[in-house]
Amino acid sequence: MQKKLRKGTVLGILMSTMLTGGVEVHAQDTDTAAPVKETVKTSYETKDIEVEGEMKDPFGNVMTEQSYYRTGGDVNVIDRDTLEKRHYDQLSDALRQVPGVQIKTPGYRGGEYGYTQTHNIVTINGDDRVVVLVDGRRMDNSVGNVVSGRSTSGSKAVTDINQVTNIDNIEKIEVIKGPGASFYGSDATGGVINIITRKGTDKSYGSLDLSTGSWNRHNYKLNYAGSTDQGKLKYFFTLAREMGGDAKYKDGLSGNTYTYVNTGYKEETFNLRVDYDFDTTHSLRAAFNHMQSDADYPLTAPDHKYFNAADWNRIKNDYFHNDKYGDVKNPGYRTLWYMWAVTGAYNAYNKNNLDLTYTFHRDNGMESFVRYYEQHERYWGSFGGGSRQDSPVPDTPEWFEWGKANYRSRDHRSWYHHLENRGLQFQLGKSYGKHDVLTSWTYDNSKYYNTQVRTGKVSRVKRDSVLGYIQDKILLSDKWELTPSLRFAHYSDVSHVSQDGVHSIGGASSNTITPSLNTQYRFDKDTSAYFGYSRVRRPLKPNDYTAANGTDPANLQDEKGDVWTIGVRHNFSPNTTASVHYDYTRMSNAVVRYSVWDRAASDFKLKFVNAKEVKKSINLSLQHRFSPHLTLTAGYSHAFDEFSAKDGMTFDPELKWADGNVNSVINKLRPANTYTADLAYENGKLYTALTGTWYTGCSTMAYTSRRALVLDFNINYAIQKDLTLYASVVNLTNQAYETVYTRYLGKGSWPQLGRHFLIGMKYKF
């Protein structure tokens, strides 16, 4: 049904006058797939869509249950069917093939709280300022980070992507690049990962999934969905236990294959979702997510070329007596961590998240609801028996005996952290002729507790925030959509109670308004384009970027800037679709670690500062169906960053790579180019796919090789209607490669896993 054109709303007029920048007020400082299928529908009504293929809107976007949140841009959707057939181990594995998405990972399951390099970080178009959501709800905490900015890498990431929810709990994954996801926050500079969870169905069904594979991996998964009360009450739950032993990897420096010692894990999850429909517009949803993990913690892979008496004694002597830390000052330094690994180092977490949502109105796909949520997350672990000067040469008989004698059990803890969120969200959506108006307001109370294990003393940090959003999706015609929007963010003062019980207030409360404008236009049935602009603002957290290398940078301010996005989609034929996406980010106040002139010291000092940043990125995507059975999906991505000093700041003109030149670091700590290709064949009972990821332009300052080709293969065969056998092989050629680097520990510190397989069966009932 076409809607009658009306004049622009007050919001649309207001937005047109504000696109030059955001408005900010401080309380204390007044000076932060498949080929395109045409659809008859022009609305975004997607409630309870249960279709075998993709449903797309008139602009070529894949529609989901939460399409009304989007305002245009490059959107990739990974559906349940893909997740079922590919048998991904973790969420990060599913995201790797999306053009522009990269995963930084140490190669093992989990890591120490707050230590960036040992967690799984998702970046979009080279930017780790990515917001992760479950059913449209943010999963981060405003005062504490699993992935911490306190690290010397200065990561902006807020979430370990593999510690959000079990992959069997996921119906769809939306990857939204650029400002088209400004609904979710003014700090989503890179984009958004939105996870949509599974729900019950009218017809009851269940599945039992059992698998085993390399390195003593064993997975047990049970899913069940159904309904009662004549379909009004729907439920879904999943239980899973996954475990594995020490993995193997190919060392990029020596070419040898080694055991990645102390990388075993056990993870258990339980997810429950219950939906009750009172009528067509009123419903109640209750969702509970539990995850717990206990994993070994190697920190880093040792450098095996130093496994001899002379080098081992030199490394220990320099460390214990000469204060030489890091691989540059003490070659082979990272091998010291092998002592921690064999003496019981581990990390663990326990998460319990609750979401209660009452929907009271639906209009043209937009939901009006009230949501209450709670997040409780605990992280703890140990460095094991620690380092000892009397440790013998690694991997000798004496070494293993020494490891047993100094082993510490899981009862020992070196750190303990507790994060807590409670919040209330109100959303209202209403259609007025050509205008779909949506507003959402969220109050969040975030707390972070840090326990000093030796004394039992606890420090507490608390911060409140109010996040508001209003957009007007204007359907100017059946070919043109315009979405102006405004986002409001309030962050309170930070309340801090020290371990000694001393109360203090830190940070200035702030109120910011950031505008956004997005538009989509369909030239004809085969071609559409989009454009987006957003003012971005990323608030600093209480402990961001402090005490790096013993240096406390002063007066850091919130990150802010502007993001522009433009893209085109075109169907060359019913079987061939291509798209181009370009991002341009200009940050006026980016946080970066740089060597700057220190007047007090009359010297250049390495510290975190606010600087200017320009980031450019491009994504190319192609999908071609050779036949009803054979499909090729390919992609290419490239990103480039450049930082420059702000007025009154002097960067060290002689700064070289070895000293941490940020422009070199940013662009050389990731592959210059990433190519992806996926060839899938499906015919009756058989489904198989070969996936390739080719990283090129890697700097040998950071990587052990300039390029790496990683191949994955999987196959599914339904021997009966309800019984499927499957197998998968990851890193088919046993490629040596890395995705994380720090100069401190040297190249090859975090190798990716070598070739490994998984075989299993899935029974549906």
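The values are calculated or read from the model by the stated rules, or taken from the named source; none is laboratory data. This one's a predicted model, so the numbers in the text were calculated from it and none came from an experiment. We place every Cβ from the backbone using ideal geometry, glycine too, and count neighbours over all the protein chains shown.
What to note about this one:
- Flag for ARG408 being under 28 Å from the mean Cα position of the chain (by Cα) and charged (D, E, K, R): no
- Residue within the stretch 251-267 that is of a type in the set (Ser, Thr, Tyr), in a strand (DSSP E or B) and under 14 Å from ALA295 (Cβ atoms) present: yes
- Screening GLY231, GLY244 for residues that are out of contact with any Pro (no Cβ under 6 Å at 6 or more places or on another chain) and at pLDDT 95 or above leaves exactly one candidate, GLY244.
- Annotation note: Cβ proximity below 6 Å between a residue of the stretch 183-208 that is more than 24 Å from GLN90 (Cβ to Cβ) and at pLDDT 90 or above and a residue that is of a type outside the set (D, E, K, R) and surrounded by 21 or more Cβ atoms within 10 Å (Cβ to Cβ) (sequence gap 6+ or interchain) occurs for GLY200/PHE236.
- Residue within the stretch 454-462 that is assigned to a strand (DSSP E or B) and either over 23 Å from TYR379 (Cβ atoms) or aromatic (Phe, Trp, Tyr) (or both) present: no
- Scanning the stretch 619-635 for residues that are of a type outside the set (S, T, N, Q) and out of contact with any strand residue (DSSP E or B) (no Cβ under 8 Å at 6 or more places or on another chain) gives a single hit, PRO628.
- Search result, residues across the stretch 259-298 that are in contact with a His (Cβ under 6 Å, 6 or more places away or on another chain) and either surrounded by 16 or more Cβ atoms within 10 Å (Cβ to Cβ) or under 21 Å from ASN219 (Cβ atoms) (or both): PHE270
- Residue list for the stretch 472-497, restricted to those being in a loop (DSSP other than H, G, I, E, B), in contact with a Ser or Thr (Cβ under 7 Å, 6 or more places away or on another chain) and either of a type in the set (Lys, Arg) or loosely packed, with under 13 Cβ neighbours inside 10 Å (or both): ASP478
- Of all residues making up the stretch 435-464, the number that are touching a Phe, Trp or Tyr at 6+ places or on another chain (Cβ under 6 Å) and buried (at least 19 other Cβ atoms within 10 Å of the Cβ): 2
- Selection within the stretch 113-142 - in a strand (DSSP E or B) and either among the β-branched types (Val, Ile, Thr) or at pLDDT 90 or above (or both): ILE121, VAL122, THR123, ILE124, VAL130, VAL131, VAL132, LEU133, VAL134, ARG137, ARG138
- Applying a threshold of 7 Å to beta carbon distances and a minimum spacing of six or more residues, or different chains, the list of pairs starting in the stretch 371-398 at a residue that is surrounded by 15 or more Cβ atoms within 10 Å (Cβ to Cβ) and among the aliphatic types (A, V, I, L, M) and ending at one that is at pLDDT 95 or above and outside any loop (DSSP other than H, G, I, E, B) reads VAL393/ALA309; VAL393/TRP312.
- Candidate set from the stretch 590-620 (those that are at pLDDT below 90 and either in contact with a Gly (Cβ under 9 Å, 6 or more places away or on another chain) or within 24 Å of ASP526 (Cβ to Cβ) (or both)); member that is surrounded by the most Cβ atoms within 10 Å (Cβ to Cβ): ALA590
- Residue check, ARG80 closer than 17 Å to ILE170 by Cα, at pLDDT 50 or above and touching a strand residue (DSSP E or B) at 6+ places or on another chain (Cβ under 7 Å): yes
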